[in-house]
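Any read-out appearing in this document is the output of simple, stated calculations on the displayed coordinates, not a laboratory observation. The model shown is predicted, which means the values in this text are computed figures rather than measured ones. Glycine also receives a Cβ, built like all others from the backbone with ideal geometry; neighbour counts cover every protein chain displayed.
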Amino acid sequence: MDGFFNAAITSSSNLLAEYQEDLEDSIDQTDGYNEDEESLLEKSESLAANARASLAVLYQQRIKMVELISQLAGLGS
C-alpha cells in the first residue's frame, strides 16, 4: 500500500510541476502583448477556458486513482 501512495504522490507531484511549467510558459508568452489592446472579455474567456481544462485534467486523474484503488482492492473489473 505504501508503494501505491508513493506512486500516487509522485504522479500528483509530477502533474503539478508540469502544470506550473505550462502556467509559466503561458505567462511568458503573454508578456509580449499590449494589454490595452486586449479586451477584458477575451481575457476572461481565456482564463475560464484554462480553468475548465485544468479541472477536467484533475477530474480525470481522480477517476483513474479511484479505479486503481478499486482494482487493487479487488473490486474492479
FRET efficiency for Leu40 and Arg62, Cβ-Cβ distance as r, R0 = 35 Å, nearest 0.05? 0.60
Can you tell me the length gained on complete extension of the stretch Leu55 to Glu18, counting 0.36 nm per residue apart and subtracting the Cα distance? 11.9 nm
